[in-house]
Amino acid sequence: MFVDRAVITIRSGKGGAGSVSFRREPYVPDGGPDGGDGGKGGDVMFVADDSLRTLMDFRYKRRYAAQDGQDGTGRKRFGKNGEKLVIKVPPGTVVTDEASGLLIGDLVCAGDGVVAAKGGKGGRGNVNFKSSVRRAPNFAETGGFATERKILLELKLIADVGLIGFPNVGKSTLLSAATSAKPKIGNYPFTTTTPNLGVVELYDTSFVVADIPGLIEGAHTGAGLGTEFLKHIERTKVLIHVVDVSGAEGRDPARDLRLINAELESYTVNLLCKSQLIAANKIDLIGAESAEYLAFKRDAEALGFAVFPVSAVARQGVSDLMNAAAGALARAESASTHPGTGAETEADSPAYFDVSRPEDDPHYRDIEISVDGPVYVLAGLQLLKIFNSTNFNDMGSVRYLYKHIEKSGAADRLRALGLRDGDTIRIRDFEFIWYDE
Ligand SMILES: Nc1nc2c(ncn2[C@@H]2O[C@H](COP(=O)(O)OP(=O)(O)OP(=O)(O)O)[C@@H](O)[C@H]2O)c(=O)[nH]1
Ligand SMILES: [Mg+2]
């Protein structure tokens, strides 16, 4: 099966906590604070890597976590930063935030990378909270939050090589012989109703092949499965035109070749300009020395095509054909100079998902106030972090929290709402008493 879509969960590392510690030295009665800072949590990032072709790996492993930062320790020792996690994906992978559907990054070329979850900041140790009035701060900051989010990975596969031909000539059989794809195969026309993709792996290269529903006369006007699928092959660089040389179905392969090419020409000239190889399939039924095959070969070569005798069912001649396709692809790629028009990128520049940390939020410092009966309720990201770091058994620590509420202007807003000494304040589920300093 060809996987081109996966949903995984990623989690960045949380920041390490700052340390509460005091110097202990012989003959120094009251050593000052020496708690070091916590380390930063690791980021999670995606990087496009040429060694990958599919999203197969993500079917088996669905959770990815970067390392947490280590806590700070005494003697001003910093906690180690958490290691960042680099997740390799194939080039062409689109990384999206699953919940919002917003794009995080479009990793087109090998080496392209994007951070999808930032690690939390390290908390500051108590050594940072020493001041002239607070000689022995008995509190430190907790580490910044870890971020967990679901990520949708999508591999926008553009086939390099397209398999075309009349129904029932063996296109899907050829795809299954050349790749690990398992398309439906049947001895009746229009077995394939939607395109199948597979990856051909050769010694030193690989490429994507698309098998499309059979074409018939009048396809360009909507006959058969119509023009819908011709669009698919429009983006390929090389076509492999599969014909049934056995004539088993009463078909004349040389006539088929001309008919299909006439269809392609009616659809758009662009298709006919592609490099085209002929797979003379079902050769097992007549043999490569047979007069029928040799006549067909002469005919096709006269039209300028290279012909490869193949038995998709017996897997004969398939690797020669695929090597030739790889060569044609390499030539097509070196010849193509598609600088792009520039307009297309400007036209619909997508909305991007913001992967910043809570700390980077423009409203990080805001404090929201509401009143619940006699209780004043406070909420806010920075406030919550300071609140989490507060040691309510330590007056210095509590005072630090009060000061923050005071300095942020929230205290004045509370007083305007009627807050007085001794009233109750709630942050999250925790209530405490307000004392005017
Ligand atoms: N003898 C022989 N039979 C083949 C060969 N390749 C395919 N077939 C048979 O031809 C029939 C059609 O094969 P498919 O691969 O489904 O053909 P298709 O071109 O994908 O057909 P549609 O999807 O209907 O357009 C099946 O019965 C295959 O087993 C071959 O090399 N030799
Ligand atoms: Mg088919």
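The values are calculated or read from the model by the stated rules, or taken from the named source; none is laboratory data. Quick caveat, the model's predicted, so the values are computed rather than measured. Glycine also receives a Cβ, built like all others from the backbone with ideal geometry; neighbour counts cover every protein chain displayed.
Can Thr173 be described as within 7 Å of ligand 1 (Cβ to nearest atom), outside any loop (DSSP other than H, G, I, E, B) and touching a residue at least 24 places away in the same chain (Cβ under 8 Å)? I'd like the intermediate steps shown before the answer.
On the way: within 7 Å of ligand 1 (Cβ to nearest atom): yes; outside any loop (DSSP other than H, G, I, E, B): yes; touching a residue at least 24 places away in the same chain (Cβ under 8 Å): yes.
Criteria met by Thr173.
Here is a yes/no grid of residues against (1) over 22 Å from Ala326 (Cβ atoms); (2) within 16 Å of ligand 1 (Cβ to nearest atom); (3) in a loop (DSSP other than H, G, I, E, B):
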| position | (1), (2), (3) |
| --- | --- |
| Pro137 | yes, no, yes |
| Phe145 | yes, no, yes |
| Arg149 | yes, no, no |
| Pro167 | yes, yes, yes |
| Asn187 | yes, yes, yes |
| Thr193 | yes, yes, yes |
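Inside segment 152-165, can you point out the residues that are more than 10 Å from ligand 2 (Cβ to nearest atom), touching an Asp or Glu at 6+ places or on another chain (Cβ under 6 Å) and assigned to a strand (DSSP E or B)? Spell out the reasoning first.
From segment 152-165, those more than 10 Å from ligand 2 (Cβ to nearest atom) are 152-162, 164; that's our starting set.
The next check asks that each one be touching an Asp or Glu at 6+ places or on another chain (Cβ under 6 Å); those that pass are 152, 155, 157.
Scanning segment 152-165 gives Leu152, Leu155.
Condition first: over 24 Å from Asp71 (Cβ atoms) and either surrounded by fewer than 16 Cβ atoms within 10 Å (Cβ to Cβ) or basic (Lys, Arg) (or both). Now tell me which residues in segment 378-394 satisfy that.
At the first step, the residues of segment 378-394 found to be over 24 Å from Asp71 (Cβ atoms) are 378-380.
Once the filter is applied, which keeps residues that are over 24 Å from Asp71 (Cβ atoms) and either surrounded by fewer than 16 Cβ atoms within 10 Å (Cβ to Cβ) or basic (Lys, Arg) (or both), segment 378-394 yields only Ala379.
Please list, ordered by first then second residue, the pairs with beta carbon atoms under 8 Å, 6 or more apart or interchain, first in segment 187-211 and under 12 Å from Ile233 (Cα atoms) and at pLDDT below 80, second part of a strand (DSSP E or B) and not acidic (Asp, Glu).
Pro195/Ala210
Yes or no, residue by residue, for (1) farther than 21 Å from Lys156 by Cα; (2) free of Cβ contacts under 8 Å to residues at least 60 places away in the same chain; (3) touching a Phe, Trp or Tyr at 6+ places or on another chain (Cβ under 9 Å):
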position: Glu25; (1), (2), (3): yes, yes, no
position: Met45; (1), (2), (3): no, no, no
position: Ala66; (1), (2), (3): yes, yes, no
position: Gln70; (1), (2), (3): yes, yes, yes
position: Arg75; (1), (2), (3): yes, yes, no
position: Lys88; (1), (2), (3): no, yes, yes
position: Val95; (1), (2), (3): no, yes, yes
position: Val108; (1), (2), (3): no, no, no
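Just one of Glu234, Glu228, Glu148, Glu217 is acidic (Asp, Glu), modelled with pLDDT of 85 or more and surrounded by fewer than 18 Cβ atoms within 10 Å (Cβ to Cβ); which is it?
Glu148
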